[in-house]
Amino acid sequence: MAAAKDVRSELEKEMMFGMAEKEMEYRVELFNRLTHVCFEKCIDKRHKEGELNMGENSCIDRCVSKYWQVTNIVGGMLGTQQTPM
Amino acid sequence: MAAAKDVRSELEKEMMFGMAEKEMEYRVELFNRLTHVCFEKCIDKRHKEGELNMGENSCIDRCVSKYWQVTNIVGGMLGTQQTPM
Amino acid sequence: MAAAKDVRSELEKEMMFGMAEKEMEYRVELFNRLTHVCFEKCIDKRHKEGELNMGENSCIDRCVSKYWQVTNIVGGMLGTQQTPM
Amino acid sequence: IEQLQMRDSLRMYNALVETCFKDCVDTFRRKTLDKQEESCVRRCAEKFLKHSMRVGMRFAELNQGVATPD
Amino acid sequence: IEQLQMRDSLRMYNALVETCFKDCVDTFRRKTLDKQEESCVRRCAEKFLKHSMRVGMRFAELNQGVATPD
Amino acid sequence: IEQLQMRDSLRMYNALVETCFKDCVDTFRRKTLDKQEESCVRRCAEKFLKHSMRVGMRFAELNQGVATPD
């Protein structure tokens, strides 16, 4: 009895670990795509300076915030209760 | 003797499983790229409606079919006997 | 004592193998991106012939060489001592 | 294979978000989506899901060698 | 590493198909490739393979620190 | 998770190189970068790193549910 329970909890642990890993991978991919898209949308491609100017900085903040909203809207439509994170 | 055979068949099983996994990964990636490309080629980016119209639907069908043909042509050129799937 | 040392060297081996694998994955991804970018920059999209012409061939060589330089510059900026490979 | 499918669905989710963000959001004067951007995202996501279901169906037919007239 | 190479070659195959499809196929009035599209795909695939072999050679040279004149 | 982070940083490195190469290098008459291309790459890489740090900060705030005014 006890052994069977142990096995089950082992399996559960593993599955949760597997899911945590997927979740992590998902976040990493989300972050990479977000970084890429906002770089494209906000940063002047001529790269005349090595600093981000004020306009670029506020564009980045708003871009991240809007991207986040989009993940929430889509998450809601897909019927997941949790926030995307 | 029997043991050696067991090990061999174990190895074979594992290799086949490994190949099945790669095959699966390949199909998943093919499907993802196909979905992405046909969305770009067929769907009006302004998104004025949430429904696919008739033109978009038949474009999707033809896009999938042509993409499939391209995988077959390339597969043939690379000298693989099997169909890409 | 000996056992502990064995475990440690086992762990070290595994870590080094893990790092070698990452390194390998990194190289593969670098090669894939490089191939893709130089195809885009150097090859005429109309594909009127199945051969690379002289202009395309020398463009490829220079593209690879310049891409390589960029990985070195960026590697240097990130403070890694080693060359990117 | 289950793990692959799960990874796949997470990747699909990420691809959907990126595609619809790119298509619908282009101004960054405010940090929240305006009404128009939000409804564009909703329609885009709906279409993306329907699109990918249709692609999946056609893809499965071709995998099974079902021939269909032009 | 063998697995990585295999995965790599499958990915290369997928990348080749996507690239040549994008470059050669642009109309969807029929569900089969016309002659022109098909030969474009064949030439594109040929060039892609030659291109990626050449990139591989140059890449290997740089990895081994072989210097070549401009 | 450590492995994921390491893979992530290698991928970031690759993404940075690709982005800055695409933005800064467009002519292939010589096989070495000219002064202008090189300084473009340096500025681009600097901006990419600052950009991705800023994105990371904002992203972390949103993950923790920190509300900020518009």
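The values are calculated or read from the model by the stated rules, or taken from the named source; none is laboratory data. Computed from a predicted model, the values in this text were never measured in an experiment. Backbone-built Cβ (ideal geometry, glycine too); neighbour counts: all protein chains shown.
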Here the residues within the stretch B:32-66 that are among the β-branched types (V, I, T) and in contact (Cβ under 8 Å) with a residue 24 or more places away in the chain are B:V37, B:V64
Among the residues of the stretch E:23-55, the number that are of a type in the set (S, T, Y), in a helix (DSSP H, G or I) and more than 11 Å from the chain's Cα centre (by Cα) is 1
Residue set C:K13, C:K41; condition surrounded by 12 or more Cβ atoms within 10 Å (Cβ to Cβ), on the phi < 0 side of the Ramachandran plot and out of contact with any Pro (no Cβ under 7 Å at 6 or more places or on another chain); output residue C:K41
Every listed condition ((1) among the β-branched types (V, I, T); (2) modelled with pLDDT of 95 or more; (3) surrounded by fewer than 18 Cβ atoms within 10 Å (Cβ to Cβ)) holds for F:V55 save (3)
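Within the stretch C:21-55, can you find the residues that are of a type in the set (G, A, S) and facing chain E (nearest Cβ under 7 Å)? Before the answer, list the steps.
Filtering the stretch C:21-55 down to residues of a type in the set (G, A, S) leaves C:50, C:55.
Result: C:G50, single match.
Quick grid of which residues meet (1) outside any loop (DSSP other than H, G, I, E, B); (2) over 23 Å from E:L16 (Cβ atoms):
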| residue | (1), (2) |
| --- | --- |
| C:H47 | no, no |
| C:L52 | no, no |
| C:G55 | yes, no |
| C:S58 | yes, no |
| C:R62 | yes, no |
| C:V70 | yes, yes |
| C:G75 | yes, yes |
Taking the stretch B:56-85 and keeping residues facing chain D (nearest Cβ under 10 Å), surrounded by 15 or more Cβ atoms within 10 Å (Cβ to Cβ) and at pLDDT below 95 leaves B:P84, B:M85
